[in-house]
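Please treat every number below as a calculation from the coordinates, not as lab data. Because the structure is a prediction, the values reported are computed rather than measured. Note that each Cβ is placed from the backbone with ideal geometry, even for glycine, and that neighbours are counted across all protein chains shown.
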């Protein structure tokens, strides 16, 4: 039995909470390294502090996926996790830039790192069920559209979140100067606004979107073995599910590894790389207004790649229909690699807008195409847990980069973080090659 087709606006409302999630996620990505440096972290230590984020995702997402598969409440199976994750993530957003207020108990650097962990774990709790909800609600021929709409909303939220500190300073005159050991006012206010937006968008999705009951999902399934397998309720079934993952997922895991290895390096090292390589600043000069201006500019260029991804995501279904999902993803990754590699040779900060335009093409595809390729190979009643397991191949490369990225920058790259961005570009190229060997299931 085929699932009913949804209208565009039903799909939009179903994924609207992703806008708030990415608003907060963009604030974290663009500013966490700067905040940690203000609290005393050296550039080669940044990836170690970021390690807590993928570690929590590795643990949290498959567990949330398993329990959301086997949850049914008055709010449904996925929506309770949206709400819980949004509340906790909002708390982290409010407190992270104010970690210095806890200095009587712990050094602010450690408080900031701990709040980064809480914030990322909470975002993971809210994010994973959104991926599963698209697969729950949409028939196969609408899934590319569903994941593309998510990418559009991710882009919109990320653009606003990335640009907000710069807008507050340049248009509203909010200070971006950082007194010794304290975060600038424009960041504190931005993170507070991000918390409000996150809660608001999640509430809208929860209030406008219904879910199919377990009985309805069984009727939509054409595979009777899925019903039988779904009777297993133990959390330890995750291990057998991992062992028996579909071939398509196994092949996509390599693509995801190199894609997210590159993304993590970009998120961690762009601020110090741009401050040093483009603005010509010392990496120890983190409290100067010039360094904060460089950090605000990183927010601007991060907003550009997210804006491009939001626009390009509208084209993904048509492009994929014409040349195929795999070729679409491969070409997009190559374009992103060119953008990252070009950062080394651009003459000034304005050329970075073009570099990040190319990165935005890859980002749009990374957020949509692997999930569209994967969804057809997953048993419907295991959608949540397998989407959670798929997250392993997002967080494991980030963990590896977090462990080795800092020492590589310090000892191999002579302390120059721009080479970490070049490594990210090469990583995208490898992912682009590997996607061509994936066996796709409609």
Practice item. Please work out the Cα center distance from segment 249-307 to segment 125-172, rounded to the nearest Å. Key: 20 Å
Check your understanding: How many nm separate the modelled label positions at residue 141 and residue 244, each set 7 Å beyond the Cα in the direction of the Cβ?
Key -> 3.1 nm
Review point. What ranking of 111, 125 emerges when the number of other C-beta atoms within 10 Å of each C-beta is taken as an exposure proxy, fewest first?
Key: 111, 125
Point to revise | Gain in span if fully extended, residue 218 to residue 327, counting 0.36 nm per residue against the direct Cα distance | key: 35.9 nm
Revision key, fill the gap. From fewest to most C-beta neighbours within 10 Å, the residues 349, 326, 219 line up as 219, 349, 326
Study note, to complete from the structure: Pseudo-spin-label distance residue 282 to residue 203, built 7 Å along Cα→Cβ, given in nm, is 4.8 nm
Check your understanding: Listed highest first by mean packing, meaning other Cβ atoms within 10 Å per residue, what order do 166-175, 327-336, 14-23, 151-160 come in?
Key -> 14-23, 151-160, 327-336, 166-175
Review point. Where does the chain land at 222 nm, in deg cm²/dmol rounded to the nearest 500, when only DSSP H runs of n ≥ 4 count, each adding -39500 (n - 2.57), divided by all residues?
Key: -24000 deg cm²/dmol
Study note, to complete from the structure: One quarter of the C-alpha convex hull surface, i.e. the mean projected area of the chain in nm², amounts to 19.7 nm²
Exercise for review: Quick one: work out Rg over Rh on the C-alpha atoms of segment 1-71, Rh as Kirkwood radius.
Suggested key: 1.16
Review point. Quick one: length gained pulling residue 5 to residue 436 fully straight, 0.36 nm per residue minus the C-alpha distance?
Key: 152.1 nm
Point to revise | 0 to 90° range, to nearest 10: angle between helix 392-407 axis and the chain longest Cα axis | key: 20 degrees
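Cut-off is 10 Å between beta-carbons; in what order do 122, 365, 140, 342 appear when sorted fewest neighbours first?
Listing 122, 365, 140, 342 from fewest to most nearby Cβ atoms yields 140, 342, 122, 365.
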Check your understanding: To the nearest 0.05, what FRET efficiency results for residue 345 and residue 110 with a Förster distance of 45 Å applied to their C-beta separation?
Key -> 0.75
**Study point:** Angle between the chain longest axis and helix 247-273 axis [Cα atoms, degrees, rounded to 10]
**Key:** 20 degrees
Exercise for review: Kindly express, to the nearest 10 degrees and within the range 0 to 90, the angle between helix 108-137's C-alpha long axis and the longest C-alpha principal axis of the chain.
Suggested key: 30 degrees
Study note, to complete from the structure: Under the 7 Å Cα-to-Cβ spin-label approximation, residue 315 and residue 59 lie apart by a distance in nanometres of 4.2 nm
